[in-house]
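Undergrad: Got a structure for you, written out below as structure tokens; questions coming shortly.
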Amino acid sequence: MIGAVDIGGTKIAVGMVDDRGRVLCKTEAPTKGERGYVDGLARITGMLREVTRQAGAEISGIGIGSTGWVYPFTGEFGDVDFLPAWKSRNPVKDLERTFGVRAALENDGDAAALGEAGWGAGRGKQRLIYVTVGTGIGGGIVLDGELYRGVDRSHPEVGHHVIDASGPECTCGFRGCWEALATGPAMAAWYKNHGASGSGEELGAKEIFQLALCGDACARRAVERETYYLGLGLANLIGLFVPDMIVLGGSVMKSMKLEDLRGVIAQGCRFVPWEKTALALASLGEDANLIGAARVWHYRFAGGEEC
């Protein structure tokens, strides 16, 4: 039984996950990053104790997935925008000390990639890329069954490769990053600025997809643009890595058609066997982040990754 912790910008979720990837019980609370690290750690500790009682079983380990810059092999937080007071703090050591079990930390994109590769749509695939498309674009890469790490064991930011150098500014410092062009907010901003009619209400990607189905011409153009830029980014990943599968999750993918993305990919990629890279929707559902966090522990300790 693994205590799974998912730390996000708006909420912290905690659950108990068995060794088949099933969430037995869970709870969540607002992140409240402004209250600082000690408060956040206390709430995580309390939630872990709560789910342990609910599951009626002892905790065997703790897996943590967090948005933002983290150091997996020291257990420390880096410079995370929504948790500035957590920088250099170490929840891995603190939770190990409290519960007397081993703990492991990964970026949530890497955690989700491990979850889908171990217990989800990518089970059994040796070369897998997980991409989540929502308010941002993140993901993780599994090559030859191992989580890919860059120099200094860093997490690759797939959402920040440039696909249109004349595109909108991105928070990373460049223009036209994948994240600046193909996220839900990017789609909504384009729709708002290109002739959208109506009451002035701010619409999200889900509503724009629905309007497109109802015949709204501007919404259709927004969907076509979203499909093109999302497909172009996927084509780049296929050209670079030629994976067995790309697993797609996140809020935008709930409305996107995979066959439309494949149509964009087919426009290029002729120098690699792109048609052999399967596209699949993420299969772990609303508990994907908790399941991924639990998988982090299995990968680090049960799977034998050297640390």
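The values are calculated or read from the model by the stated rules, or taken from the named source; none is laboratory data. These numbers were taken from a predicted model, which means no experiment stands behind them. Counting neighbours? That spans all protein chains shown, and the Cβs are built from the backbone with ideal geometry, glycine included. The protein model used for the area step is the full one, side chains on, heavy atoms only, and it has no ligands, DNA or RNA in it. Shrake-Rupley method; radii C 1.70, N 1.55, O 1.52, S 1.80 Å.
Undergrad: For the chain, set up a GNM with springs between Cα atoms under 10 Å and report which of 84, 243, 72 has the largest fluctuation.
TA: Between 84, 243, 72, it is 84 that shows the largest mean-square fluctuation.
Undergrad: Moving on. Among DSSP beta bridges whose residues both lie in the range 1-109, state the antiparallel percentage, nearest 5.
TA: Numbers: 15 of 26 bridges.
Here the share of antiparallel DSSP bridges comes out near 60 percent.
Undergrad: A further question on this structure: If you count only protein heavy atoms with a 1.4 Å probe, what accessible area per residue comes out for the chain, rounded to a whole Å²? Spell out each step's value before the answer.
TA: On the way: 14470 Å² over 307 residues.
About 47 Å² of surface per residue is accessible.
Undergrad: Let me ask something else about it. How much accessible area does residue 163 have with a 1.4 Å probe, in Å² rounded to the nearest 10?
TA: Counting only protein heavy atoms, the figure is 30 Å².
Undergrad: Where nothing but the Cβ of Lys and Arg (+1) and of Asp and Glu (-1) is charged, how large is the charge dipole of the range 120-246 around its Cα centre, in debye to the nearest 20? Kindly include the intermediate steps, with their values, before the conclusion.
TA: Details: 11 positive and 14 negative charges, 46 e Å.
In total the dipole reaches around 220 debye.
Undergrad: Taking the Cβ of residue 214 as the centre, find all other residues whose Cβ is under 12 Å away and add up their charges (Lys, Arg: +1; Asp, Glu: -1). Walk me through the intermediate numbers first.
TA: Values: positive: 220; negative: 207, 216.
Spelling it out: positives minus negatives among the neighbours equals -1.
Undergrad: Using modelled backbone amide H atoms (1.01 Å from N, in-plane), which distant-in-sequence or interchain residues come within less than 5 Å of residue 249's amide H?
TA: Under 5 Å from the amide H of residue 249 lie the amide H atoms of 131, 132, 133, 282, each far enough along the sequence or on another chain.
Undergrad: Additional query: Give me D for the range 74-141 in µm² s⁻¹, whole number, from Stokes-Einstein with Rh from the Kirkwood sum over alpha-carbon pairs, 37 °C and 0.692 mPa s. Could you put the intermediate results ahead of the total?
TA: Values: Rh = 13.8 Å.
Translational diffusion coefficient: 238 µm²/s.
Undergrad: Also: Going down the list 32/192; 32/87; 26/206; 206/257, which pairs span over 22 Å between their C-alpha atoms? Walk me through the numbers before you get to the answer.
TA: Values: 32/192 31 Å; 32/87 15 Å; 26/206 27 Å; 206/257 13 Å.
Check vs 22 Å cut-off fails for 32/192; 26/206.
Undergrad: Report the extension gain between residue 151 and residue 275 in nm, rounded to one decimal, defined as 0.36 nm multiplied by the number of residues separating them, less their alpha carbon distance. Could the numbers behind the result be given before it?
TA: On the way: separation 124, 0.36 × 124 = 44.64 nm, distance 3.06 nm.
Separation in residues times 0.36 nm, less the Cα-Cα distance, equals 41.6 nm.
Undergrad: Right, another one. Once both axes come from the Cα atoms, what is the angle between helix 217-241 and the longest principal axis of the chain, in degrees from 0 to 90, rounded to 10?
TA: Helix 217-241 sits roughly 60 degrees off the main axis of the chain.
Undergrad: Work the Kirkwood hydrodynamic radius out for the chain: mean of 1/r over every pair of different alpha-carbon atoms, inverted, in Å. It would help to have the intermediate numbers written out before the result.
TA: Values: mean 1/r = 0.0499 Å⁻¹.
For the chain, the Kirkwood estimate is 20.1 Å.
Undergrad: If you fit an axis through the alpha-carbon atoms of helix 288-297 and take the longest principal axis of the Cα set of the chain, what angle between them do you get, 0 to 90°, nearest 10?
TA: 50 degrees
Undergrad: Which angle between 0 and 90 degrees, to the nearest 10, do you get for helix 108-119 versus the longest principal axis of the chain when only C-alpha atoms count?
TA: Taking the Cα atoms of the chain, the angle to 108-119 is about 80 degrees.
Undergrad: Right, something else. Once every Cα of the range 1-71 carries one equal point scatterer and solvent is ignored, give the base-10 log of I(q)/I(0) from the Debye formula at q = 0.11, 0.19, 0.27 Å⁻¹, two decimals.
TA: -0.25, -0.72, -1.25
Undergrad: While we're looking at this one, here's another question. Which residue, chosen from 15, 141, 182, occupies the Cα position most advanced towards the positive end of the dipole of the chain, where the dipole is computed from +1 (Lys, Arg) and -1 (Asp, Glu) charges on Cβ about the Cα centre?
TA: 15
Undergrad: When the dipole is taken about the Cα centre of the range 86-152, and only Lys, Arg (+1) and Asp, Glu (-1) are charged at their Cβ, what size is it in debye, to the nearest 20? Working shown, then result.
TA: Details: 9 positive and 9 negative charges, 26 e Å.
Charge dipole of the range 86-152: 120 debye, to the nearest 20.
Undergrad: Now a separate question. Could you state the orientation-averaged shadow area of the convex hull built on the Cα atoms of the range 106-198, in nm² to one decimal?
TA: Working: hull surface 30.7 nm².
Projected over every direction and averaged, the Cα hull of the range 106-198 covers 7.7 nm².
Undergrad: Take the solvent-accessible surface of the protein heavy atoms, probe 1.4 Å, and return the percent of it on the range 47-191 that carbon and sulfur atoms account for.
TA: Working: 2980 of 6320 Å².
Carbon and sulfur atoms account for 47 percent of the accessible area of the range 47-191.
Undergrad: With charges set only on the Cβ (+1 for Lys and Arg, -1 for Asp and Glu), what does the dipole of the chain come to about its Cα centre, in debye to the nearest 20?
TA: Working: 32 positive and 38 negative charges, 59 e Å.
Approximately 280 debye in magnitude.
Undergrad: Of the beta bridges DSSP finds with both residues in the chain, what % are antiparallel, to the nearest 5?
TA: Values: 25 of 45 bridges.
Percentage antiparallel, nearest 5: 55.
Undergrad: Would you mind counting up the charge near residue 180? Only other residues with Cβ under 14 Å from its Cβ, with Lys and Arg at +1 and Asp and Glu at -1. Please list the in-between numbers first.
TA: Values: positive: 175, 225; negative: 157, 164, 169, 179, 226.
Computed value for this residue: -3.
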